[in-house]
Amino acid sequence: MNTANLLRLIVLASIWGGSFLFMRISAPTLGPAVLIEFRVLFAALFLAIVGVVLRKRLDMRAHWKHYFILGFFNSAFPFLLFAFAARTLPASVLAVLNATAPMWGALLGAVWGRQPIRARTALGLVLGTVGVALLVGFDHATSRPGAGIAVAAALVAALSYSVASLYARTAKSVEPFANAHGTMWTSALMVLPALPLFPPAGAPTVGIVGAVIALGVLCSGIAYILYFKLIEDVGTTSALTVTFLSPVFGILWGALFLGEAIGWYTIAGSAITLVGTAFVTGFVPRFGRAAPVPVSTNMSSK
């Protein structure tokens, strides 16, 4: 991993950590459905422009079913759940709950894939549970009305990312950029029916409009390009380091821009959760030659 790729990794982690900040800013006013509809629509339009410039084919007719399945579990559904949770929970809590996706993946693999849970994985699941319980149990924001449902929604969103990953392992091979581009368009269609269920609470301010644009273009469009570039250059294993760095930035941005408190429980709970995630994934950074890139590599959006 050279200096350029290390900088890309840090920038990507800061962008995905910032997605929870932007949702926390805009979700209470716009509501989850309107927010996510604009997020995926802006991302789709941005990626369409990039696709024209790079001459990347979408081929919607051949892959529409794949785009709908992957778009639902990797974008539309989890995005809505996180936006719903962002009306109540701090950005820091959302960022750490998002990091539990690999733990759900291990459980799904054991249940559906009949993969045995090794001792290391079991320890990681226990640590992850303890870390989330510590963070949620001591953060004063979780005592607000509706916080319990919000936490559950965020955890189900992380679970949805794991379902998307399991599906991607056996799905037809589609070029990564086309996956990103196609799923944004299908997500925009799937979110439409939810609009009447979650009307906006008020008119958006300039800051909220800026946050929504940043969510779509920066956190969904540009972030995809950075992520797939990292996979191409350093391999999937090293690129997954972003899973551990994003919550750090989520906590940092929440404290800097929203004045969210960073207590001992925030640091301890986050650290324990991320260590648990590392055990579950068997993550060991590789800073040597890049590993081969799987064509159907999937990411959990942030």
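The values are calculated or read from the model by the stated rules, or taken from the named source; none is laboratory data. What you are looking at is a predicted structure, and each value in this text was computed from that prediction instead of being measured. Neighbour counts are summed over all protein chains in view; Cβ atoms, including those assigned to glycine, are modelled from backbone coordinates with ideal geometry. Ligands, DNA and RNA are excluded from the accessible area calculation, which covers all protein heavy atoms including side chains. Shrake-Rupley method; radii C 1.70, N 1.55, O 1.52, S 1.80 Å.
Output the residues belonging to the stretch 233-248 that are under 22 Å from MET103 (Cβ atoms), open to solvent by less than 70 Å² (accessible area, probe 1.4 Å) and either under 16 Å from the mean Cα position of the chain (by Cα) or not small (Gly, Ala, Ser) (or both).
Listed by number, the residues that qualify are THR236, THR237, ALA239, LEU240, THR241, VAL242, THR243, PHE244, LEU245, SER246, PRO247.
For the stretch 1-34, name all the residues that are closer than 20 Å to LEU81 by Cβ and free of Cβ contacts under 8 Å to residues at least 12 places away in the same chain.
none
Report the residue count in the stretch 172-196 for those that are open to solvent by less than 20 Å² (accessible area, probe 1.4 Å), more than 20 Å from LEU215 (Cβ to Cβ) and at pLDDT 95 or above.
Adding up the residues that qualify gives 0.
Which residue, of VAL151, VAL130, VAL136, VAL156, is modelled with pLDDT under 90, surrounded by 14 or more Cβ atoms within 10 Å (Cβ to Cβ) and either over 15 Å from the mean Cα position of the chain (by Cα) or aliphatic (A, V, I, L, M) (or both)?
The unique qualifying residue is VAL136.
Just give me the residues in the stretch 197-209 being closer than 30 Å to LEU9 by Cβ and open to solvent by less than 40 Å² (accessible area, probe 1.4 Å), in sequence order.
ILE208
For the stretch 92-149, give me the residue count where each residue is over 28 Å from PHE257 (Cα atoms) and of a type in the set (Asp, Glu).
0
Using the structure shown, decide if ALA168 is more than 24 Å from ASN2 (Cα to Cα), within 14 Å of the chain's Cα centre (by Cα) and assigned to a helix (DSSP H, G or I).
Taking the combined requirement at face value, the residue does not satisfy it.
Quick check, is LEU230 at pLDDT 95 or above and either over 16 Å from the mean Cα position of the chain (by Cα) or open to solvent by less than 30 Å² (accessible area, probe 1.4 Å) (or both)?
For LEU230, the condition - at pLDDT 95 or above and either over 16 Å from the mean Cα position of the chain (by Cα) or open to solvent by less than 30 Å² (accessible area, probe 1.4 Å) (or both) - is not met.
Let's see how each residue does on (1) under 28 Å from LEU45 (Cα atoms); (2) in contact with a Leu (Cβ under 6 Å, 6 or more places away or on another chain):
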site	(1), (2)
GLY137	no, no
HIS140	no, no
SER143	no, no
VAL151	no, no
SER162	yes, yes
LYS172	yes, no
GLU175	yes, no
GLY182	yes, yes
